Amino acid sequence: MAVVLVVEDDPVVRTAMIRDLSAREWVVRSVGTALASLREVAENPPDVIVLDLGLPDLDGGETLKMIRGISDVPTIVATARDDEREIVRLLRAGADDYVVKPFSSEHLNARIEAVLRRARGSRPPQAVEVGGLRIDLDSRAAALDGAELELTRREFDLLAYLAARPGRVVPRRELLAQVWRQSYGDDQTIDVHLSWLRRKLGESAAAPRYLHTVRGVGVKLVAPE
């Protein structure tokens with residue numbers, strides 16, 4: 001299920017939104033400031049953002065521009081400003097949709113489903129290739145030098161997430177959030193799955209080919225030299 005980041009400074013409204021969205025089986029994370037939202041987007045990218053405009057530290061419109069500077073994650077603006085010019089300005093600034101307060105949980109849920117459908121529908125069928133490694137994201141199949149790899153669901157998800165970001169060091173916290181859908185957890189879980197993956201890729205932590213651990217930071221996947 002998709003991860004929804006709720007950016008709302010009112011604790012009562014935020015609690016209600018978390019309760020309602022969680023009841024619909026979304027994975028919900030929440031923050032109350034613009035700076036915290038930018039940190040979340042950078043470190044633990046969600047699948048969709050619900051962004052309140054009345055934040056205490058930065059105007060929501062400016063926050064939206066800053067989010068767009070680092071991510072194209074679908075963003076729904078939640079605003080009490082029922083003004084056509086303002087809404088047009090926000091859409092042009094990068095908002096994917098908007099809801100006007102007060103709104104029902106059914107209305108917000110429908111908007112989230114709609115922007116996710118559009119985001120997913122805009123992406124073509126994907127196959128990622130890194131060196132001799134090929135990962136077909138649609139059929140969830142992976143092969144190394146033409147030989148099919150027998151991966152568990154979690155192993156495939158981990159490999160696909162890293163392969164989609166070749167050469168980038170992916171923080172462990174991001175892997176927990178995006179692959180395991182957990183906001184916190186034991187790093188040993190990641191290490192165990194990396195060990196299993198390395199074995200199937202014909203490598204080891206001491207002699208890596210594709211999977212390289214950057215101590216104290218995270219993991220990156222690169223093509224062998």
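When you restrict to C-alpha pairs under 8 Å that are six or more residues apart and normalise by the size of the stretch 169-225, the relative contact order lands at 35 percent. The mean sequence distance of close C-alpha pairs (under 8 Å, at least 6 residues apart), as a share of the length of the chain, puts its relative contact order at 14 percent. In the set (1) 54, 43, 30; (2) 71, 32, 29; (3) 58, 34, 31, the label that goes with Cα extents along the principal axes in Å computed for this structure is (3). Of the accessible area of the chain, computed with a 1.4 Å probe over protein heavy atoms only, carbon and sulfur atoms account for 50 percent.
3J(HN,Hα) couplings calculated from phi for the stretch 99-111 with the Karplus curve 6.51 cos²θ - 1.76 cosθ + 1.60 (θ = phi - 60°) are, in sequence order, 10, 9, 6, x, 10, 7, 5, 5, 4, 4, 4, 5, 5 Hz; Gly and Pro show x.
Which whole-number value in Å² is the accessible area per residue of the chain, probe 1.4 Å?
52 Å²
Less than 5 angstrom separates the built amide H of residue 75 from those of 49, 96, 97, all sequence-distant by 5 or more or on a different chain.
For the pair residue 16 and residue 126, the difference between a 0.36 nm per residue extended length and the Cα-Cα distance amounts to 35.9 nm.
Contact order normalised by length for the stretch 1-135, with contacts defined as Cα pairs under 8 Å and 6 or more residues apart; what percent is it? Write out the running numbers ahead of the final one.
Details: 199 pairs, mean separation 27.1, N = 135.
RCO, the stretch 1-135: 20 percent.
Per DSSP helix of 4 or more residues, -39500 (n - 2.57); summed, then divided by the residues of the chain. What does that give at 222 nm, rounded to the nearest 500? Could you put the intermediate results ahead of the total?
Numbers: 8 runs with 93 residues, N = 225.
Helix-only estimate at 222 nm: -12500 deg cm²/dmol.
The values are calculated or read from the model by the stated rules, or taken from the named source; none is laboratory data. Worth saying up front: this structure is predicted, and the values here are computed from it rather than measured. For accessibility, only protein heavy atoms count, side chains too; no ligands or nucleic acids. Shrake-Rupley method; radii C 1.70, N 1.55, O 1.52, S 1.80 Å.
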